[in-house]
Amino acid sequence: GENVEQHPSTLSVQEGDSAVIKCTYSDSASNYFPWYKQELGKRPQLIIDIRSNVGEKKDQRIAVTLNKTAKHFSLHITETQPEDSAVYFCAATPSGYSTLTFGKGTMLLVSP
Amino acid sequence: KAGVTQTPRYLIKTRGQQVTLSCSPISGHRSVSWYQQTPGQGLQFLFEYFSETQRNKGNFPGRFSGRQFSNSRSEMNVSTLELGDSALYLCASSFGGVTGELFFGEGSRLTVL
């Protein structure tokens with residue numbers, strides 16, 4: 001089955017800095033890669049996703065890049081703000097599946 | 001429209017007891033997945049139900065089981081509770097036909113004493 005590794009487990013940045021979270025996956029059949037944000041005490045929510053037919057996707061201050069050859073994908077957050085503080089999870093799954101294999105999460109702390 | 005609803009939100013049990021958790025998906029969603037969330041382990045997949053059938057299953061012991069009803073509501077049951085079962089149990093719903101966004105409930109926090 002799929003295995004997703006996520007690094008770092010914790011990340012502290014100053015407000016306005018950029019943050020990068022990296023994930024690797026094992027199943028070459030995976031072609032859907034979402035990122036979820038979970039604020040303290042809240043439910044995980046999708047913030048951005050990418051499919052294997054594209055290499056990069058942007059949505060305002062967040063972007064995701066995918067390298068299928070190397071089997072890794074990354075989340076980039078620019079101009080970080082305190083409200084970006086949360087746990088971020090990457091995930092991967094093959095097409096046609098409704099279930100996701102998640103990484104163990106990255107706790108991002110943005111200090112004012 | 002209403003989001004994913006999980007009940008109960010909090011519960012405390014003792015070792016050896018059993019527990020049943022409930023999940024009501026978003027209207028129109030036919031897939032319900034269950035995940036166990038513990039500190040440091042992230043979200044671990046338990047099982048997925050689609051149209052009342054278990055479609056996928058994670059690597060959890062047989063003490064963990066589930067079912068789905070004709071209205072897509074789902075329940076999961078954990079029998080013979082162990083201390084290590086203490087966790088936040090999240091359910092997520094989706095249309096189920098095409099890989100896409102999962103909509104999570106707020107979870108049921110289970111504490112086993």
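When A:S98, A:S28 are checked against the criterion of being within 26 Å of B:H29 (Cα to Cα), part of a loop (DSSP other than H, G, I, E, B) and not aromatic (F, W, Y), A:S98 stands alone in meeting it.
Restricting the stretch A:3-24 to residues that are part of a strand (DSSP E or B) and more than 24 Å from A:T69 (Cβ to Cβ), the residue that is nearest to the other protein chains (Cβ to nearest Cβ) is A:T10. Kindly indicate whether A:K42 is in a loop (DSSP other than H, G, I, E, B), within 14 Å of chain B (Cβ to nearest Cβ) and under 14 Å from the mean Cα position of the chain (by Cα). Taking the combined requirement at face value, the residue does not satisfy it. Name the residues in the stretch A:45-70 that are within 14 Å of the chain's Cα centre (by Cα) and among the charged types (D, E, K, R), would you? Hits for the stretch A:45-70 are A:D49, A:R51, A:E56, A:K57, A:K58, A:D59, A:R61. Any residue in the stretch B:57-72 that is within 14 Å of another protein chain (Cβ to nearest Cβ), open to solvent by less than 40 Å² (accessible area, probe 1.4 Å), within 19 Å of A:L100 (Cα to Cα) and part of a loop (DSSP other than H, G, I, E, B)? Yes; the residues of the stretch B:57-72 include at least one that is within 14 Å of another protein chain (Cβ to nearest Cβ), open to solvent by less than 40 Å² (accessible area, probe 1.4 Å), within 19 Å of A:L100 (Cα to Cα) and part of a loop (DSSP other than H, G, I, E, B). Every listed requirement among (1) crowded, with 19+ Cβ neighbours inside 10 Å; (2) away from chain A (no Cβ under 11 Å); (3) under 22 Å from A:C90 (Cα atoms) is met by B:L102 save one, (2). Against the numbered list (1) under 18 Å from A:E79 (Cα atoms); (2) surrounded by fewer than 14 Cβ atoms within 10 Å (Cβ to Cβ); (3) in contact with an Asp or Glu (Cβ under 8 Å, 6 or more places away or on another chain), A:K42 comes up short only at (1). Selection of the stretch B:6-16 for residues being of a type outside the set (F, W, Y) and either closer than 20 Å to B:E48 by Cα or in contact with a strand residue (DSSP E or B) (Cβ under 8 Å, 6 or more places away or on another chain) (or both) yields B:Q6, B:T7, B:P8, B:R9, B:L11, B:I12, B:K13, B:T14, B:R15. Scanning the stretch B:17-47 for residues that are open to solvent by 40 Å² or more (accessible area, probe 1.4 Å), more than 10 Å from every other protein chain (Cβ to nearest Cβ), part of a loop (DSSP other than H, G, I, E, B) and under 17 Å from B:G3 (Cα atoms) returns B:S27, B:G28. Residue check: A:S111 meets all listed conditions (1) modelled with pLDDT of 95 or more; (2) within 12 Å of another protein chain (Cβ to nearest Cβ) but one, namely (2).
Screening B:T80 against (1) surrounded by fewer than 16 Cβ atoms within 10 Å (Cβ to Cβ); (2) within 14 Å of chain A (Cβ to nearest Cβ) leaves a single unmet condition, (2).
From the residues in the stretch A:25-39 that are free of Cβ contacts under 8 Å to residues at least 60 places away in the same chain and over 11 Å from the mean Cα position of the chain (by Cα), which one is nearest to B:V4 (Cα to Cα)? For the stretch A:25-39, the residue satisfying everything is A:E39. Mind listing whichever residues of the stretch A:64-83 are part of a loop (DSSP other than H, G, I, E, B) and surrounded by 18 or more Cβ atoms within 10 Å (Cβ to Cβ)? Passing the criteria: only A:T80.
Condition first: crowded, with 20+ Cβ neighbours inside 10 Å, in contact with a Phe, Trp or Tyr (Cβ under 8 Å, 6 or more places away or on another chain) and either within 14 Å of chain B (Cβ to nearest Cβ) or part of a strand (DSSP E or B) (or both). Can you find one or more residues in the stretch A:51-59 that meet it? Within the stretch A:51-59, not a single residue is crowded, with 20+ Cβ neighbours inside 10 Å, in contact with a Phe, Trp or Tyr (Cβ under 8 Å, 6 or more places away or on another chain) and either within 14 Å of chain B (Cβ to nearest Cβ) or part of a strand (DSSP E or B) (or both).
The values are calculated or read from the model by the stated rules, or taken from the named source; none is laboratory data. Predicted model only: the values in this text are computed from it and were never measured. Neighbour counts run over all protein chains shown; Cβ positions are idealised from the backbone, glycine included. The protein model used for the area step is the full one, side chains on, heavy atoms only, and it has no ligands, DNA or RNA in it. Shrake-Rupley method; radii C 1.70, N 1.55, O 1.52, S 1.80 Å.
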